[in-house]
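What follows is a single structure, written as structure tokens, with notes after it.
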Amino acid sequence: MSESTVPTSLQQESRLRSLSRYGPTGPTAACWRLDGVHPEALVEALRMVVGRHDALRMSFPRAGADPLTARVAPPAQAPVVIEESEVDRDTDEGTVRARLRARLQDPFAPDAEALHRFVLLHRGRDTVFLGMAVDHMVWDGLSLRRFVADLRRGYSRGPAALAAPAPSYGEFSRLQRRLADSAEGRSRTAFWEERFAGWGGYPPDSGLSTAGQEAVLGQGQEPVAVERQLDAAAWRALREHAARERATVFAVTAAALLEAQGELSGRSRVGLVTETHGRVLPGTAATLGLFSHGIPLFVDLDAAPPARRIAQVGEVTMDAVERGVPLRPLHARWLGGRGLAERATAFLYFGVEDAGLFAGLDLPRTAVTPFPLYPEGATRPGRASDMLAVHLVVERGEPGPEPVLHAQFDPAVFDAGTVRRLLDRTVELLPSAPRPSTPRR
């Protein structure tokens, strides 16, 4: 069977159209330490998973010229990139981490035949470090959970466990394109075009940068990270307040962040970009691929009192999620229809990151330990220079470390002092734990 051609999804089109501005981004990378694993069975399971999911067999040989078409290699002919090497038994984990990062963090060429890379680093006879990198063009955060589940099944039970065909990402792309051309799709387009006109386009300008276009376009410096840790009392107060408000931790934190953004920028109309999972069509929960995409949250701080800020954020979030579509292609067409040039915008991003995302790998007779490639305070690859990326990093489960507000940014675009003040003020605006009353004497 020869390779087939499928339409790209709107998410993929968005990334392909951004290549000329940003170039390829760093991939999603994950790593585990495996003690007692059977290396040959692991390699075979990796091959099975790639063969099962068409997204991992996609390529974009005409990425710069044709953002609407992807090629899919048949399972038996798809390249599976697996690199194996060895280090001495007494090699320390810092050296192991550096070697893995060197192989996993480099961007993929957009026209590469394979947009994934697996690295098996053997330390002595019994320990293997499994690292993987997958390009964002074919993958998102929830795809890792599906990948881990299939890898566990394939390793434990062999090919029979993955014999049933997986839902096709290519079929999702076809359905999504048809939806975009329907009455519902046109309604969503009208919703977002109204907001582009009212709020100045997408993504919303953060008001936190005075950098020129050259810096915002990616000619800046290496990114840096700033963090603020919430103590146990603050984390408990945040969760309890969210429960009382019937809101999420995301909404409570986003409300504080937007309030802080308004204070530092001197604006009452503020906005940030967050991410929605995008798995809204039938079968997509079990499909591996790129579904997530950005959605803007536009908030007029003068339109509601501070006491209603969390509800206000919840309402605009629900509106954006309900009508969510990948917006960069839509915004480019909206600008083109008005004869306007696209400008780079220094914007604010916020999301909640699950630090335990990689902990779900469970292999029989193997001790599995997540092996972080980027320890606390480190920058992550693949985040654009025009984005001030703020994450509330949460470790699920009890007991666990308190969450951290992690900000990553290009210091040529965002001033480090401004970012520190933004995080400090956000923490101050979060609900605080009630102080014990002092008895009167």
Contacts under 7 angstrom Cβ, first residue in segment 85-111 being among the basic types (Lys, Arg), partner not in a strand (DSSP E or B), 6 or more apart: 89/124; 97/373; 101/373
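Only one residue in 112, 41, 63, 55 is more than 24 Å from the chain's Cα centre (by Cα) and small (Gly, Ala, Ser), so which one is that? Even if it seems obvious, please write down each step before you answer.
Details: 112 fails: more than 24 Å from the chain's Cα centre (by Cα); 63 fails: more than 24 Å from the chain's Cα centre (by Cα); 55 fails: more than 24 Å from the chain's Cα centre (by Cα).
Only one candidate qualifies: 41.
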Count of residues meeting criterion [in contact with a helix residue (DSSP H, G or I) (Cβ under 9 Å, 6 or more places away or on another chain) and either of a type in the set (S, T, N, Q) or more than 19 Å from residue 159 (Cβ to Cβ) (or both)] in segment 82-95: 5
Residue in segment 252-270 that is in a strand (DSSP E or B), closer than 24 Å to residue 191 by Cβ and assigned by TED's automatic domain parsing to the domain that holds residue 391 present: yes
Some residue of segment 425-438 being over 16 Å from residue 348 (Cβ atoms), modelled with pLDDT of 90 or more and not in a helix (DSSP H, G or I): yes
Those residues of segment 181-206 which are at negative phi and either assigned to a loop (DSSP other than H, G, I, E, B) or in contact with a helix residue (DSSP H, G or I) (Cβ under 7 Å, 6 or more places away or on another chain) (or both), in sequence order: 181, 182, 185, 189, 192, 193, 196, 202, 203, 204, 205, 206
Per-region count, segment 75-90, residues loosely packed, with under 15 Cβ neighbours inside 10 Å and either within 14 Å of residue 130 (Cβ to Cβ) or touching a strand residue (DSSP E or B) at 6+ places or on another chain (Cβ under 8 Å) (or both): 6
Verdict on residue 141 being surrounded by 15 or more Cβ atoms within 10 Å (Cβ to Cβ), in contact (Cβ under 8 Å) with a residue 60 or more places away in the chain, under 24 Å from residue 365 (Cα atoms) and assigned by TED's automatic domain parsing to the domain that holds residue 23: no
Qualifying positions in segment 144-186 - without any contact (Cβ under 8 Å) to a residue 24 or more places away in the chain and among the polar types (S, T, N, Q): 182
One residue from 291, 298 being in contact with a Lys or Arg (Cβ under 9 Å, 6 or more places away or on another chain) and either more than 26 Å from residue 177 (Cβ to Cβ) or polar (S, T, N, Q) (or both): 298
Among (1) within 22 Å of residue 412 (Cα to Cα); (2) out of contact with any Lys or Arg (no Cβ under 6 Å at 6 or more places or on another chain) - the single one residue 260 does not satisfy: (2)
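Do the conditions hold for residue 66, that is, is it out of contact with any His (no Cβ under 6 Å at 6 or more places or on another chain), without any contact (Cβ under 8 Å) to a residue 12 or more places away in the chain and at negative phi?
Working: out of contact with any His (no Cβ under 6 Å at 6 or more places or on another chain): yes; without any contact (Cβ under 8 Å) to a residue 12 or more places away in the chain: yes; at negative phi: yes.
Yes, satisfied.
Mind listing whichever residues of segment 179-194 are among the hydroxyl-bearing types (Ser, Thr, Tyr) and surrounded by 14 or more Cβ atoms within 10 Å (Cβ to Cβ)? Explain how you work it out, then say what you get.
To start, the set of residues in segment 179-194 that are among the hydroxyl-bearing types (Ser, Thr, Tyr) comprises 182, 187, 189.
If the condition is that a residue be among the hydroxyl-bearing types (Ser, Thr, Tyr) and surrounded by 14 or more Cβ atoms within 10 Å (Cβ to Cβ), then 189 is the only one that fits.
Looking only at segment 98-134, count every residue that is outside any loop (DSSP other than H, G, I, E, B) and closer than 21 Å to residue 36 by Cβ and tell me the total. If you could, list the steps in order and put the result at the bottom.
Taking segment 98-134 and keeping what is outside any loop (DSSP other than H, G, I, E, B), we get 98-104, 116-123, 127-134.
Imposing the further condition that a residue be closer than 21 Å to residue 36 by Cβ reduces the set to 100, 118-123, 127-132.
Looking only at that region, the number is 13.
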Among the candidates 419, 404, 368, residue that is closer than 20 Å to residue 241 by Cα and modelled with pLDDT of 65 or more: 404
Output for segment 13-72, where each listed residue is buried (at least 18 other Cβ atoms within 10 Å of the Cβ) and assigned to a loop (DSSP other than H, G, I, E, B): 24, 25, 27, 37, 53, 60, 63, 67
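The values are calculated or read from the model by the stated rules, or taken from the named source; none is laboratory data. Being a predicted model, the structure only gives us computed values, none of them experimental. So basically every Cβ, Gly included, is an ideal-geometry build from the backbone, and we count neighbours across all protein chains shown.
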